[in-house]
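The values are calculated or read from the model by the stated rules, or taken from the named source; none is laboratory data. As the structure is a computational prediction, the values presented were derived from the model and not from experiment. Neighbour counts are summed over all protein chains in view; Cβ atoms, including those assigned to glycine, are modelled from backbone coordinates with ideal geometry.
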Amino acid sequence: MNRVLVALDVPTAAEALALAETLQPHVGGFKIGLELLMGEGPAIVSQVAALGSPVFVDAKLHDIPNTVGRAAERLGSMGARWVTVHASGGSEMVRVASEALNESSGGTGGVLAVTVLTSLGVYELAEMGIDRPLDELVASLARSAAGAGAEGVVCAVTEARLVHALGLGLTVVTPGIRPAGAGPSDQKRVATPEAAIKAGSDLLVIGRPITAAPDVVAAAIAISEQIEAAVSTA
């Protein structure tokens, strides 16, 4: 099992498809984020899915349950394997999205509930009026999402072990993955691939360390090998 989901954070379908076709033999799937989704439209989901690898649509849906459910339904019909919604949207929103996605995908799709964005730290949460300890907040959102039918959660590596310890059976997906020596960019809570595996991450979302590398295939292979080595010793 290849645990790498490559973030296709590029502006055009041509760039995304070229990357996906090149990297497909070496990674576990692809993430389509807001830049590509808003630039090319939802049809890009079908195009990437047609290549045969799982597609993670990081739409971060957050609206009234009916609206989110319809959006999740459309994405599922286009081939999305996973779709993100904000856990903070409430259990009813997550439930409706999960049911709609599951139905439209023929039973293959699952919702991933975003707990706390990796770009947020204690200071940013305090600015929003949230003074709850980060671990406590993540655990509460994970429990709510699991009870509403989410397949998994998206959280920082620093919270992955916590989520697994809750015993909810959630798939843990972690962004903010940077090989040793790489900078954190615009994310606050980052980790190496090895640290992510040791913390219990099931799937790792990796973008620029692969897509911005001089040799994208070599970078993907090197990171996948690091992950497999970590799995074997975990």
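Miscellaneous remarks
- Residue satisfying all of: in the range 123-160; surrounded by 16 or more Cβ atoms within 10 Å (Cβ to Cβ) and of a type in the set (S, T, N, Q); nearest to Val68 (Cα to Cα) among these: Ser144
Condition check ((1) within 19 Å of Leu203 (Cα to Cα); (2) out of contact with any helix residue (DSSP H, G or I) (no Cβ under 7 Å at 6 or more places or on another chain)) across all residues:
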| position | (1), (2) |
| --- | --- |
| Gly121 | no, yes |
| Ala126 | no, yes |
| Ala142 | yes, no |
| Ala146 | yes, yes |
| Ala150 | yes, no |
| Val154 | yes, yes |
| Val157 | yes, no |
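- Unique match (being within 23 Å of Lys31 (Cα to Cα) and buried (at least 20 other Cβ atoms within 10 Å of the Cβ)) among Leu170, Leu120: Leu170
- Whichever residue in the range 106-117 is in contact with a strand residue (DSSP E or B) (Cβ under 9 Å, 6 or more places away or on another chain) and outside any strand (DSSP E or B) and, among such residues, is surrounded by the fewest Cβ atoms within 10 Å (Cβ to Cβ): Leu117
- Number of residues in the range 33-51 that are in a loop (DSSP other than H, G, I, E, B) and buried (at least 17 other Cβ atoms within 10 Å of the Cβ): the value is 2.
- Meets criteria (out of contact with any Cys (no Cβ under 8 Å at 6 or more places or on another chain), assigned to a helix (DSSP H, G or I), surrounded by fewer than 20 Cβ atoms within 10 Å (Cβ to Cβ) and in contact (Cβ under 8 Å) with a residue 60 or more places away in the chain) for Thr67: no
- Screening Ala213 on (1) touching a helix residue (DSSP H, G or I) at 6+ places or on another chain (Cβ under 8 Å); (2) without any contact (Cβ under 8 Å) to a residue 60 or more places away in the chain; (3) part of a helix (DSSP H, G or I) shows it passes everything except condition (3).
- If you check Val85, Val138 for being part of a strand (DSSP E or B), within 16 Å of the chain's Cα centre (by Cα) and touching a residue at least 12 places away in the same chain (Cβ under 8 Å), only one passes: Val85.
Rundown of residues vs (1) over 29 Å from Glu225 (Cβ atoms); (2) of a type in the set (Phe, Trp, Tyr); (3) part of a helix (DSSP H, G or I), yes/no style:
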{"site": "Pro11", "(1), (2), (3)": "yes, no, no"}
{"site": "Leu17", "(1), (2), (3)": "no, no, yes"}
{"site": "Lys31", "(1), (2), (3)": "no, no, no"}
{"site": "Ser53", "(1), (2), (3)": "no, no, no"}
{"site": "Phe56", "(1), (2), (3)": "no, yes, no"}
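- Taking the criterion of being more than 22 Å from Leu34 (Cα to Cα), at pLDDT below 90 and of a type in the set (Ser, Thr, Tyr), the only residue of the range 171-208 that qualifies is Thr192.
- Evaluation of Gly76 against (1) more than 19 Å from Leu5 (Cα to Cα); (2) touching a strand residue (DSSP E or B) at 6+ places or on another chain (Cβ under 9 Å) (one fails), failing number: (1)
- Cβ pairs under 8 Å, 6+ apart, first in the range 162-173 and of a type in the set (Gly, Ala, Ser), second assigned to a helix (DSSP H, G or I) and crowded, with 20+ Cβ neighbours inside 10 Å: Gly169/Ala146
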